[in-house]
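Asker: Here it is, the structure in full.
The values are calculated or read from the model by the stated rules, or taken from the named source; none is laboratory data. The structure presented is a predicted model; accordingly, all values stated were derived computationally and were not measured. Virtual Cβ from ideal backbone geometry, glycine too; neighbours counted across all protein chains shown.
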Amino acid sequence: MSQDPYVARSDRYERATFRRCGSSGLHLPPISLGLWQNFGGLDSFEIGRAILRRAFDRGVTHFDLANNYGPPPGAAEEVFGRILATDFKPYRDEVIVSSKAGYRMWPGPYGEWGSRKSLLASLDASLKRLGLDYVDLFYHHRPDPETPVEETMSALADAVRQGKALYVGISNYRAAAAREAFAALRRLGTRCLIHQPRYSMLDRWIERDGLMDALAEEGVGCISFSPLAQGLLTDKYLDGIPGDSRAQRGSRGGSMGREGVTEDKVAAVRRLRPIANRLGVPIVHLALRWALRDPRMTSLVVGARTVAQIDDCLDALEGPALAPSDLAEIETALNAGEAGA
């Protein structure tokens, strides 16, 4: 491991912007760095370290993890814990560290879902891997169809009361289930800070579901994952599936496989490219600015395999917001496939 000391850039906040998370007092950067992929035991520690350093130097203060991120499960938290200890320890109060539990982490009936046993045991293990006394944000990663929502939410509320999490959130909940979770937390004297759904130009279920309206009514923030549809909203797949792409190595940690690269999705990206060209931006920038067009969207979680990729995502924030005419043109392009079906 490299021993070069890290000193964060003194100007890291000069051009950085932040968005208020729902009706809370917390602000998050519009682009957050996710460690779902590329920070596990199969990846380069030094490349991951360089990505994290660059992100923080450019004003990214939120790092999104989960117990099972890797591979193997737990590896991303271990890697991030090492980098916290060596590089970010002086800046702990400047960063938001989040983790989650709910997907399968260990064998047996308590290694996944939403029981009190599972969530609190997972949080303790995450804190140990991270080398922290608390995480800033702890999520239930997915709804549990069998465990009563009161049990799951009581575990989250107790994590706050025990000082192991400052805030709690939920992920992958539909609007109706999310409202039940918010109500259960309120009865326990704890507010839900944020919801993390999947959302992109190619996956707009939260619009049909009414989730954003539910979050706004409850004062809950929204932070979407996969805003680039795991790389589909780039030029990468327009001429086939590259050998080093997520689709080619999709068995890693639940990432997208080859079956996710459908002709309909690729055709939609092809229709978007002339719009991006007219605006003088890459498709990545178009997709990120589009996902941030709604002021109710607090942040987007992006992944990065290289420093250049995190730079590219952050560069999207430096251009102007999309004009109404641009949004209308994008809508037409996205709907063209449905009209021709």
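Listed here are the residues, each with its yes/no results for (1) in contact with a Phe, Trp or Tyr (Cβ under 8 Å, 6 or more places away or on another chain); (2) among the hydrophobic types (A, V, I, L, M, F, W, C).
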| position | (1), (2) |
| --- | --- |
| T17 | no, no |
| R20 | no, no |
| G25 | no, no |
| S32 | yes, no |
| F39 | yes, yes |
| F45 | no, yes |
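Asker: Return only the number of the condition from (1) in a helix (DSSP H, G or I); (2) under 18 Å from L132 (Cα atoms); (3) hydroxyl-bearing (S, T, Y) that S98 does not satisfy.
Answerer: It is condition (1) that S98 fails.
Asker: I've got another one for you. Only one residue in F39, F18 is out of contact with any helix residue (DSSP H, G or I) (no Cβ under 9 Å at 6 or more places or on another chain) and among the aromatic types (F, W, Y), so which one is that?
Answerer: Details: F39 fails: out of contact with any helix residue (DSSP H, G or I) (no Cβ under 9 Å at 6 or more places or on another chain).
Just a single option satisfies the conditions, and that option is F18.
Asker: Something else: Being more than 21 Å from L211 (Cβ to Cβ), assigned to a helix (DSSP H, G or I) and in contact with a Leu (Cβ under 8 Å, 6 or more places away or on another chain) is the filter here, so list the residues in the range 155-167 that pass it.
Answerer: A155, A157, D158, A159, V160
Asker: Which members of the range 1-26 meet the condition of being surrounded by fewer than 20 Cβ atoms within 10 Å (Cβ to Cβ), more than 22 Å from H285 (Cα to Cα) and either within 15 Å of the chain's Cα centre (by Cα) or polar (S, T, N, Q) (or both)?
Answerer: Of everything in the range 1-26, those that are surrounded by fewer than 20 Cβ atoms within 10 Å (Cβ to Cβ), more than 22 Å from H285 (Cα to Cα) and either within 15 Å of the chain's Cα centre (by Cα) or polar (S, T, N, Q) (or both) turn out to be S2, Q3, S10, S23, S24.
Asker: How many residues does the range 85-120 contain that are more than 16 Å from R142 (Cβ to Cβ) and buried (at least 20 other Cβ atoms within 10 Å of the Cβ)?
Answerer: 2
Asker: Then there's this: From the residues in the range 27-54 that are surrounded by 22 or more Cβ atoms within 10 Å (Cβ to Cβ) and of a type in the set (F, W, Y), which one is farthest from E78 (Cα to Cα)?
Answerer: W36
Asker: Do we have any residue at all in the range 170-178 that's among the aromatic types (F, W, Y), touching a residue at least 12 places away in the same chain (Cβ under 8 Å) and touching a His at 6+ places or on another chain (Cβ under 8 Å)?
Answerer: Within the range 170-178, one or more residues are among the aromatic types (F, W, Y), touching a residue at least 12 places away in the same chain (Cβ under 8 Å) and touching a His at 6+ places or on another chain (Cβ under 8 Å).
Asker: Now for a different question. For the range 156-183, name all the residues that are under 19 Å from S122 (Cβ atoms) and small (G, A, S).
Answerer: Step one: filter the range 156-183 for residues under 19 Å from S122 (Cβ atoms), giving 156-173, 181.
The answer is A157, A159, G163, A165, G169, S171, A181.
Asker: Looking at the range 105-147 only, could you name the residues that are among the hydroxyl-bearing types (S, T, Y), more than 18 Å from G70 (Cα to Cα) and within 20 Å of the chain's Cα centre (by Cα)?
Answerer: Within the range 105-147, just Y134 meets the criteria.
Asker: Of the residues L132, L123, which single one is surrounded by fewer than 20 Cβ atoms within 10 Å (Cβ to Cβ), more than 24 Å from M212 (Cα to Cα), modelled with pLDDT of 95 or more and of a type in the set (A, V, I, L, M, F, W, C)?
Answerer: L132
Asker: Inspect all residues belonging to the range 245-254 and state whether any of them is surrounded by 21 or more Cβ atoms within 10 Å (Cβ to Cβ) and either at pLDDT 95 or above or part of a helix (DSSP H, G or I) (or both).
Answerer: No, every residue in the range 245-254 fails to be surrounded by 21 or more Cβ atoms within 10 Å (Cβ to Cβ) and either at pLDDT 95 or above or part of a helix (DSSP H, G or I) (or both).
Asker: Of the conditions (1) at pLDDT below 95; (2) more than 22 Å from R142 (Cα to Cα), G81 fails just one. Which one is it?
Answerer: Evaluating G81 over (1) at pLDDT below 95; (2) more than 22 Å from R142 (Cα to Cα) leaves (1) as the failure.
Asker: Can you spot a residue in the range 132-142 that is more than 24 Å from P29 (Cβ to Cβ) and either touching a His at 6+ places or on another chain (Cβ under 7 Å) or touching a residue at least 12 places away in the same chain (Cβ under 8 Å) (or both)?
Answerer: yes
Asker: For Q162, all conditions in the list (1) surrounded by 17 or more Cβ atoms within 10 Å (Cβ to Cβ); (2) out of contact with any Gly (no Cβ under 6 Å at 6 or more places or on another chain) hold save one; what is the number of the exception?
Answerer: All conditions pass for Q162, except number (1).
Asker: Can you find a residue in the range 61-72 that is surrounded by fewer than 23 Cβ atoms within 10 Å (Cβ to Cβ), assigned to a loop (DSSP other than H, G, I, E, B) and touching a strand residue (DSSP E or B) at 6+ places or on another chain (Cβ under 9 Å)?
Answerer: Within the range 61-72, the subset surrounded by fewer than 23 Cβ atoms within 10 Å (Cβ to Cβ) is 61, 71-72.
Cutting the leftovers down to assigned to a loop (DSSP other than H, G, I, E, B) gives us 61, 71-72.
Of the ones still in play, those that are also touching a strand residue (DSSP E or B) at 6+ places or on another chain (Cβ under 9 Å) are 61.
Scanning the range 61-72 turns up at least one residue that is surrounded by fewer than 23 Cβ atoms within 10 Å (Cβ to Cβ), assigned to a loop (DSSP other than H, G, I, E, B) and touching a strand residue (DSSP E or B) at 6+ places or on another chain (Cβ under 9 Å).
Asker: Looking only at the range 24-60, how many residues end up being touching a Lys or Arg at 6+ places or on another chain (Cβ under 9 Å), over 21 Å from L288 (Cβ atoms), part of a loop (DSSP other than H, G, I, E, B) and not hydrophobic (A, V, I, L, M, F, W, C)?
Answerer: Number satisfying all stated conditions: 3.
Asker: Restricted to the range 80-124, and to residues that are without any contact (Cβ under 8 Å) to a residue 12 or more places away in the chain and of a type in the set (G, A, S), which residue is farthest from F45 (Cα to Cα)?
Answerer: Among residues in the range 80-124 that are without any contact (Cβ under 8 Å) to a residue 12 or more places away in the chain and of a type in the set (G, A, S), the one farthest from F45 (Cα to Cα) is G108.
Asker: So which residues in the range 168-204 are closer than 23 Å to G34 by Cβ, in a loop (DSSP other than H, G, I, E, B) and of a type in the set (D, E, K, R), if there are any at all?
Answerer: R174, R204
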